[in-house]
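The block underneath contains the structure these notes are about, expressed in structure tokens.
The values are calculated or read from the model by the stated rules, or taken from the named source; none is laboratory data. Keep in mind that what you see is a predicted model, and the values were worked out from it rather than measured. Here the Cβ positions follow ideal geometry from the backbone for every residue, glycine too, while neighbour counts run over all protein chains shown. Side chains included, ligands, DNA and RNA excluded: accessible areas come from the protein's heavy atoms. Shrake-Rupley method; radii C 1.70, N 1.55, O 1.52, S 1.80 Å.
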Amino acid sequence: MNMGTFWLPQMILTLDILGVFSCHYIHTFELSPVVLGMVRHGNRSLTMETENIHSCNVTYIWYNVDFAELFQIYAAVQQLELRYEVDVVVILHDIGVDDHLIRTKAVPIIKWGEEPSYTIKFKSIAPIANKNRSNMTEECPIIELENENELYCFEKVIVKEILGHINNDTSFKSQVEVRGADVLSALITEKLKWKLVFIFHETATEMEAARVVDILSKTGIMIVIYNLDTITDLIQILLEAYQRIVPTHTEINFAVLCKFDCIRTLFYRANRFDKDNPSTKSLLRQFSRWLVVIYDHHFNLSATLRDCAKELDNIAVIAFPQVTPDNAEKAFHKTLHNVVLEHAFDLSVDEGGSETNLTAVTDVNITKDIISDLRKEARNWRPVSKCEGFRIDTLMWTHSGRDFNNVGYVSKHGDLVVFADLFPNTKYGYNGRMFQVSTLHYEPFVIKKEENGTVSYGGVCMELLQELSMTLNFTYNLTEPPDQTWGAQQPGNELVFNGMIGQLQREEVDIVAADISIQKEREMVMDFMFPFYYGYTSVLLKKPDPNARKWRTLVDPFQWEILMTIGISLPIVSLMAFLLEKFNPFYNDPENARIATENYGLHTFHDSFWYMYGALLSQGGVNLPESIAGRTFVSCWWLFSIVVVGTYCGNLIAFLTVTKDKPPFETLNEMADLKGTYKWGLQEGTNWETVFKTSNRGEFRRVGNALMEFNETDPSVFAKDIKTQLAKVKNGGYGWIGDTVVMELEMEKDCELMMIKEKFLPLKYAFGFTNNSPHVQIFTKQILSIHESGLLQVWKRRWWPKSKEVCAGSIIAEAKPIKIIDVQSAFYVATGGGFIGFCAFLIELCVGRLQQRRHKHLSQQNESRAKENGTVANKSPTLK
């Protein structure tokens, strides 16, 4: 060894002593020599050197051995003690876990090269070819910070300050060995209480991982362990873990014991897992929990990991600071010089009071004191000895971006303290993730407004989207489909959709926030969350002109079937009454026959008909039948007439006072029957288009076939814009097939519109997601909570059309006067009756004149015959 390297510090320290004391005092005593047995790493050899440190002769006996061979260390220690009689044995290297095997009989041992207890003794292994350990200089560069030389730990002052701000109610505390495996195991079992964990390690940390497995196994925790040095496809491992755990447990837990290069590679792959494997439809970013033990950690590594794992939401790091490769020999020599000179200084001060005593002191033995001080300093010669606590950090979302924040520490005495959540991001849903959302104007679900070039959206769907974004903590960017359609199957390819469904199918957007109805054809290419609205489909049309049917006021109270039945019943009943009276034995009695002859009754069909007709008009004839059979029959007819007339009069009054808007058809079948009179249409690119074009139901097929025929001459029947459809409805003779809610909204605006009674094709509206999307379960859980909270009802009251009984202006304070148009049918009947009566009069007049002529003709014939016979002229005076 070059002893010249020790002269400079020796001279400087000696001059410091001389500056305080005179040479007289210094040279009045000598220190006993010290023999040091030094064991260091090297080729097996033995050398000896001597150095004088201020009147203290120090002899170094250097023993070079291979520290990979424990026996060589043991043999060197034994040789130094027994053969060379050294005062102390100094080992300038870390022996490892087998240091208890190195013993001496009497000579003390100082393990100067021993590393702190929390560090791991990495094995020397050959690098393993692994494609996951690729060069990530460009993808994940190491960040260089100004405080890179600072120790990544807490000093005693900071630990005391932390303890002063926490209490037992807000912290988790445990006693552990200051080793990565023990700290990791304590957090998993006592703090996090995981039931299943995947452990990643490398060959260098295999012993640490084995200890974790041993501890966790005793508590019943299920473990899956991987050696990253032997994995050829890390992505496949992560995929298998995700598919095995997340569908049933939601959260997947990872524990990692690695040095920085290993963790850097792992996080880089996991960070890009969702993006690089879109077919897996995973949320490893959100559902994974990463508890990591990092050895040799410093500030640069924290910044690098922050950027490498920026897509992973939940990462907690137990950071053991970097132990720099300090020169143990140089540090030992420096400490030895300081210790010797400090004792020389103390001796000079103690003996400076008496010159007699000073001259008497010739030999001072302080070897034991020097060895004791060296042993104390052996623990603190590294800068890392300043660490009182080792940091536990979590990667959090802050206003300035992702960064590591401290949530606990492990003291060097074994106190494990956690005073905040290890994974706080689990409380904040998607942690500000950006979603691409497609929507389309359709009141009242989505209402698009544009003012001064600024587009804004409102409606029930936007209220729901905003609520979901706040509760699940995500942001979104709204867009619209280029073709402005919801989504229908393309002709010739049933698995290809256009519109918003097509955007999801092509994965151009993440969510469709609109009134998308759940349909089996759509579910083949996309996913739906739980529905937020249930409705129906109907047909909107223009109300018929109420004055157009006023001429039928007297007929409308009864359906045509009733009128026809009454018309058929009247002659039949008249005939039955006539027959009952005509052939009734009751009238065989002369007296009864006389009464019947005088009162007429129902003995002729003519009289019977008019009597029964009069009963229908609540009038009847003058005389009732005399027979019991006749009276019984007439009584039943009168009861029938009273019911019919009462019902008729009541309905007639209602028809005269209340306007009844009766649509031209009430069902799809009736609408299809009016194909030549009416047309109908629907919006292109909706589920209705798919249903009416492909359904096997008869009425749907009839309506769909008619639609295709209408489209040949009038393409506007498939107009996408609802305004075009409404304009065609208002022109009359047209029906629009759509959502009842939208129809109610339009009916509120225009009282000339109405819906048919039949409601068909139930609608279930829900937000749409890409096929096999992992977000569906999360959104479904949240929409169920919204249903239970009643928020949907609040939004409906805000955006839904207000229910009403009648149109505005139809309720009037005074009685409604009857107009001539309301009773025009009565005038028509009166006019018709007068005309028929006049016609009957003309017929009777003609018949009477014909009869008179016939009687006159007969009289003339009789007279001529009488004259011929001469009988009449001769007998006439006698008769008179």
Just the accessible area for Lys764, please: 1.4 Å probe, Å², rounded to the nearest 10?
-> 90 Å²
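Using R₀ = 60 Å, calculate the FRET efficiency as 1/(1 + (r/R₀)^6) where r is the Cβ-Cβ separation of Thr713 and Trp638; round to 0.05. Please report the intermediate quantities before stating the final value.
Details: r = 59 Å, r/R0 = 0.98.
E(calc), rounded to 0.05, equals 0.55.
Grab the beta carbon distance between Asp545 and Ser618, set R0 = 25 Å, and tell me the FRET efficiency rounded to 0.05. Let's see the in-between values first.
Working: r = 33 Å, r/R0 = 1.33.
Working from the Cβ atoms, E equals 0.15.
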Specify the inter-centroid distance of segment 179-239 and segment 709-759, based on alpha-carbon positions, in whole Å.
-> 65 Å
Taking the Cα-to-Cβ direction at Thr604 and at Ala420 and moving 7 Å from each Cα, how far apart do the two end points lie in nm?
-> 11.5 nm
Please work out how many pairs of lysine residues in segment 629-738 are eight or more positions apart (or on different chains) and have Cα atoms closer than 21 angstrom.
-> 16
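Which pairs in the list Lys195/Lys386; Lys310/Lys796; Lys195/Lys764; Lys193/Lys281 are over 31 Å apart, alpha-carbon to alpha-carbon?
On the way: Lys195/Lys386 37 Å; Lys310/Lys796 40 Å; Lys195/Lys764 39 Å; Lys193/Lys281 28 Å.
Correct reply: Lys195/Lys386; Lys310/Lys796; Lys195/Lys764.
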Placing each pseudo-label 7 Å from Cα in the direction of the beta carbon, Ile568 and Asp307 end up separated by a distance in nanometres of 9.4 nm
Among 847-859, 780-792, 327-339, 31-43, how do they line up from the highest to the lowest mean number of other beta-carbon atoms within 10 Å?
-> 31-43, 327-339, 780-792, 847-859
What FRET efficiency, computed as 1/(1 + (r/R0)^6) with R0 = 35 Å and r the Cβ-Cβ distance, is obtained for Asn57 and Asp326, rounded to the nearest 0.05?
-> 0.80
Within 10 Å, count the other beta carbons around each residue, average over each peptide in 266-272, 76-82, 158-164, 225-231, and list them highest first.
-> 266-272, 76-82, 225-231, 158-164
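Listed highest first by mean packing, meaning other Cβ atoms within 10 Å per residue, what order do 534-544, 680-690, 715-725 come in? Mind dumping the intermediate values first?
Working: 534-544: 19.3, 680-690: 23.2, 715-725: 16.7.
Peptide ranking by packing, descending: 680-690, 534-544, 715-725.
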Which length gain, in nm to one decimal place, applies between Lys720 and Glu494 when the Cα-Cα distance is subtracted from 0.36 nm times their residue separation?
-> 79.3 nm
